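FYI, it's all coordinate maths here, none of it is from the lab. If you're wondering where the values come from, they're calculated on a predicted model, not measured in any experiment. Here the Cβ positions follow ideal geometry from the backbone for every residue, glycine too, while neighbour counts run over all protein chains shown.
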Amino acid sequence: VPIFGQRIAFYEAGPRRAETIILLPNLGWDSHAWAQNFSIISREYHVIAIDPLGFGLSAKPLLDYKMDTWTDMLAEFLRVREIPRATFVGAVMGGALSVQMALDHPDRVEGIIVTASNSGPGPHEGGMSRIPSEPSLAGTRANLLALFYDSTLVSDTLVRARFAFRLRTNDGYT
């Protein structure tokens, strides 16, 4: 769906009249990060897993991305799709984006759920240092190992697939 003239990729399921939940991925990931949760959530809710501008299969204009770039895009997405309010669920950077969405557009936010996030407004303490994300097989493996609790899930097949996806979707700089 075009938002401000840019293609925004998303997956949608569940009853349209139900409460809407917007799933936001971590920076450098995409809406597929929610694949294991999507069908379960959509049984009771109208759920949308979205690739914000610069993520996954959405357009990646060369801009200096800021939080309000994304929150304005999300508010416009809701307006265009005629969704008055939604609960925003975000992981890591998506969690910070959920918080910022509630601050920037409170009229569009029913609630927020923040997971594994130590970012957003205010002081930042503890948490992980910078997660590796170099555009290579080794960088992709290091990124996945930093993010997965169970390192046995980080197979050569997963590393190659994730690296290929980042290259295919031009996800090197966001």
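Taking amide H atoms as placed 1.01 Å from N in the peptide plane, the amide H of LEU27 lies under 5 Å from those of MET93, GLY94, each 5 or more residues away in sequence or on another chain. When the chain is treated as a Gaussian network with alpha carbon springs shorter than 10 Å, the biggest mean-square fluctuation among SER39, SER117, SER151 belongs to SER151.
Spin-label model, GLN6/ALA116: points 7 Å from Cα along the beta carbon direction are separated by 2.4 nm. Among ASP51, ASP30, ASP104, the largest mean-square fluctuation in a Gaussian network model of the chain, built with springs joining Cα atoms closer than 10 Å, belongs to ASP104.
How big is the charge dipole of the chain about its Cα centre, in debye rounded to the nearest 20, if each Lys and Arg gets +1 on its Cβ and each Asp and Glu gets -1 on its Cβ?
That gives a dipole near 420 debye.
Highest mobility in the GNM of the chain, judged by mean-square fluctuation with C-alpha springs under 10 Å and restricted to THR20, THR157, THR71, is found for THR157. A simple spin-label model places the labels of THR152 and SER39 2.4 nm from each other, with each point 7 Å out along Cα-to-Cβ. Couplings for the stretch 153-159, taken from phi via the Karplus curve 6.51 cos²θ - 1.76 cosθ + 1.60 with θ = phi - 60°, read 6, 8, 8, 4, 4, 5, 4 Hz in order; Gly and Pro are left as x.
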